[in-house]
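No value in this document is a laboratory result; all are computed from the given coordinates. In this text, all values refer to a predicted model and were calculated from it rather than measured experimentally. All Cβ positions, even for glycine, are placed from backbone atoms using ideal geometry, and neighbour counts span all protein chains on display.
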Amino acid sequence: MVDISRDAADLVPPAEVPDVELYHAHSWITKYVFCQDAKVIAIQYSVTALAIGFVALVLSWLMRLQLGYPGAFSFIDAEHYYQFITMHGMIMVIYLITAIFLGGFGNYLIPLMLGARDMVFPYVNMLSYWVYLLAVIVLVASYFVPGGPTGAGWTLYPPQVILSGTAGYDWGIILMLVSLILFIIGFTMGGLNYVVTTLQARTRGMTLMRMPLTVWGIFTATVLALLAFPALFVACVMLLFDRLLGTSFFMPALVEMGQHLSYRGGSPILFQHLFWFFGHPEVYIVALPAFGIVSDLISTHARKNIFGYRMMVWAIVAIGALSFIVWAHHMYVSGMHPWFGFFFATSTLIIAIPTAIKVYNWVLTLWKGDIHLTVPMLFALGFIVTFVNGGLTGLFLGNVVVDVPLSDTMFVVAHFHMVMGVAPILVIFGAIYHWYPKITGRMLDDTMGKIHFWVTFIGAYAIYFPMHYLGLMGVPRRYFELGEMAFVPPSAVTLNEFITIAALIVGAAQVLFVYNLIVSLYRGKEAGGNPWHATTLEWQTPETPPGHGNWGKELPVVHRWAYDYSVPGAPRDFVPQNQPTLTPAT
Amino acid sequence: MGSIVLFLAVVGIIAGWWLARQRLTAKPWLEEGPLAEFPGAGAMAFPAQTVGLGIFLVVVGALFALVISAYSVRMLMLDWRPLPVPDLLWFNTGLLVASSVALQVAYASAKRLRPEDMKLGVLAAASFAVLFLVGQVLAWLQLQKAGYFLASNPANAFFYLLAALHGLHLSGGLVALGRVGRKIWLGNERRERVRMLVGLCAAYWHFLLFIWLVVMALLMGWADDFIELCGRLFT
């Protein structure tokens, strides 16, 4: 071991923080509702995200019912179907996955894992949640306005998004755009907290290279989001101008129902550039926290240090940087200069290198590990398999010549659900099973957890694996019903029925998960402070659940990295980050 | 999309330079120590508020770089008719410069422990900023009167959009400056903290002045060659 002792060049927080600097709740309302404690805000974010996520789940059921049994349900017409897919997509990507990873896990884990008492700007942090909640309420409100929510697809492409043939072109789209603008404002407030807390509030000894990969993932994803969400913000504001004030940023000259519209000269392609300038980094905004969390889950539950920590950090940073120069691979069919296509295909394929490094390192961490097949570990393993699957089909679609025929088919739907739908959600589940004992002080029921995992994992494969074949046959996405298509054999219809049944079963398994969350809150086994025998700081708090200010009187001091598992010579198979020597103090 | 790519390239270079100083090549599994007192061990030698403002300015910069990117794409289309720049905008620009200078004077006074000068500077800065916003609304009305409506041409739409976004950011800044002013007048805040807060407001003001000067350069057509160059580079 190398003992480092040089003069401190930078600021480190004092061991004791004067009590007056901490935010104190003085009433029930300020303790549980308008609370500035990051842990409470994290729970508020997570519960809201999961609640709206269940709306998205029901919407996916409805659209699958239509695809599996077209015409069997009279209440599902084409307009409703498009509303289902639009709201499902937007809720899942933005309001569930982004919100829960950054607002939920970010708020809970960053201060605790870094040994801080709270976020650096607690008031702004609180505002972030309430603006997010307002965004969700505005989104849901679109169900109660004339015409209902927008049915333009989650990409909201103009010009169709504000033409009268599209569901929700009058009110729904306005509420969607306002909701997104609010979300971005709220996120920016939270994002500043996550980044500045990571930079400025780490405890003594917590160097950047001693941070758990979970924090690296959330930190880098937040940086990406802070730089990428402005593109969506600008696109939404300009589209709102086109819709409400009659400008022609994106709207070209059009004839609708025999009438010349007042728009002229706008560029729909410009919207696509702005949208995907946000949209592609968004993939990594949800993937990087998942990468970080899954690294910690695997290391903890395989009782082994993470393989290639430095490479893992570099890969996270490299993926983040590269994610800004690949956006136009979503636009191959929009038409572009061949050199452009070549550039974006190349940059897309280059991202596979740091991503593959991460996958190899996860597998090598497992190699000869003392693998405990706990529920979090099962979800982590499920993530690796699913992510590899989704990533490989991404290599197909990153190539222009392969993408062009597969574009707008079910193959694309299968690809992005595997890679940025199922894979990150498996990590979210794994993370909830892993940190629930710290948040509540009780364990989730193991049997229910295992049933939840196996039904979700196998069910997700039953849904999306066959969908690739539908796509290869040429079955298009975004079609309300296939009708008579010569190239679609009857077996495709049967396959669609099978997928629908699988989707219904997977959805039902999520009800079991929620039941487990609620019941275990009261009847779960007492967890103790560190049930997984983990090394990171959040498991070393004096109280479980952590009390106000997290650490009692003195902040922890970090003596080692986050992955000292099964260290030769140590009496236990883990050495906490704040333990000075291999042998714990008695 | 040249402007935003260039903007991110600059941000990337700065981030890369900072990361290069953080011992990312360290082998943390070998480094066991009580405080690990080496570069990268602790926070940057700035208050969290300063770092927070710096990052917020990057976000605001990205926002304007994106609008300018859209501007440069849209202006190459056939229906684009440049907007005449009203003289009032030059007067407004002068007001914004005065506001920025006043805040800088306030900050310098705070450093030299001259609280009365600081109060005067903050008051002057806020007044000039409010006058700037009023002037912007008058410029809008002048343009409307002359027939340059929001929806009649994309050049008009971009002008109104850029001015509105800039005005909103300045209004937000005024709210923050108002809160700082309240602390100054109540006099119950530590001197160092007041100095820092005034300094942060000044930095924000200078940044918004810079953004406004870029917008003026766009409107005057001074940036056309640059936009064309970006267009050639990225198409």
| field | Dipole magnitude (debye, nearest 20) for chain A, charges at Cβ of Lys, Arg, Asp, Glu | value | 780 debye
| query | Assigning unit charges at the beta carbon (Lys, Arg +1; Asp, Glu -1) and nothing else, what dipole magnitude in debye, to the nearest 20, does the stretch A:525-586 show about its Cα centre? | reply | 80 debye
| For the stretch B:2-234, alpha-carbon Rg relative to the globular expectation (2.2 N^0.38 Å, N residues) | 1.23
| task | In Å and from the alpha-carbon atoms only, list the Rg and Dmax of chain A. | result | 24.3, 85
| In square nanometres, what is the average projected area of the Cα convex hull of the stretch A:28-253? | 14.2 nm²
| Residues with amide H under 5 Å from that of A:T409, placed H, sequence gap 5 or more | A:R477
| request: Would you kindly derive the ³J(HN,Hα) couplings of the stretch A:478-487 from the backbone phi angles with the Karplus curve 6.51 cos²θ - 1.76 cosθ + 1.60 (θ = phi - 60°), listing them in order in whole Hz, with x for Gly and Pro? | output: 6, 9, 5, 8, 7, x, 8, 10, 4, 8
| said: Rounded to the nearest angstrom and ordered from largest down, what semi-axes does the equivalent ellipsoid of the stretch A:463-586 get from its C-alpha gyration tensor (root of 5λ)? | reply: 53, 20, 13
| 222 nm [θ] for the protein assembly as shown, helices only, -39500 (n - 2.57) per DSSP H run of 4+, per residue, to 500? | -21500 deg cm²/dmol
| message | Let me make sure I get this right: for the stretch B:54-93, a, b and c are the square roots of the gyration tensor eigenvalues over alpha carbons, sorted descending. Under 1.5 in a/c it's rounded, otherwise prolate if a/b > b/c, else oblate. Which is it? | response | oblate
| remark: What one gets for the stretch A:210-358 as the Kirkwood radius, inverse of mean 1/r over different Cα pairs in Å, is 17.5 Å
| Using only Cα atoms, what Kirkwood radius does the stretch B:39-114 have, in angstroms? | 16.9 Å
| query | How do the peptides A:140-150, A:551-561, A:80-90 rank, highest first, by the average count of neighbouring beta carbon atoms within 10 Å per residue? | reply | A:80-90, A:551-561, A:140-150
| field | Shielding by partners, peptide B:45-56 (average Cβ within 10 angstrom, other chains) | value | 5
| query | In what sequence, highest mean first, do A:405-412, A:440-447, A:423-430, B:68-75 appear when ranked by Cβ atoms within 10 angstrom? | reply | A:423-430, B:68-75, A:405-412, A:440-447
| query | On average, how many beta carbons from a partner chain sit within 10 Å of the beta carbon of a residue in A:206-219? | reply | 3
| field | Under 5 Å, built H, 5+ apart or other chain: amide partners of A:F574 | value | A:S566
| field | Peptide A:238-250 - average C-beta neighbours from other chains (10 Å radius) | value | 4
| said: Would the stretch A:525-586 count as rounded, prolate or oblate if I go by the C-alpha gyration tensor, calling it rounded below 1.5 in a/c and otherwise prolate when a/b exceeds b/c, oblate otherwise? | reply: oblate
| field | Ranked by how many other beta carbons lie within 10 Å on average, peptides B:192-198, A:317-323, A:72-78 from highest | value | A:317-323, B:192-198, A:72-78
| said: Rg and Dmax in Å for the stretch A:270-523, alpha carbons only: what are they? | reply: 19.7, 62
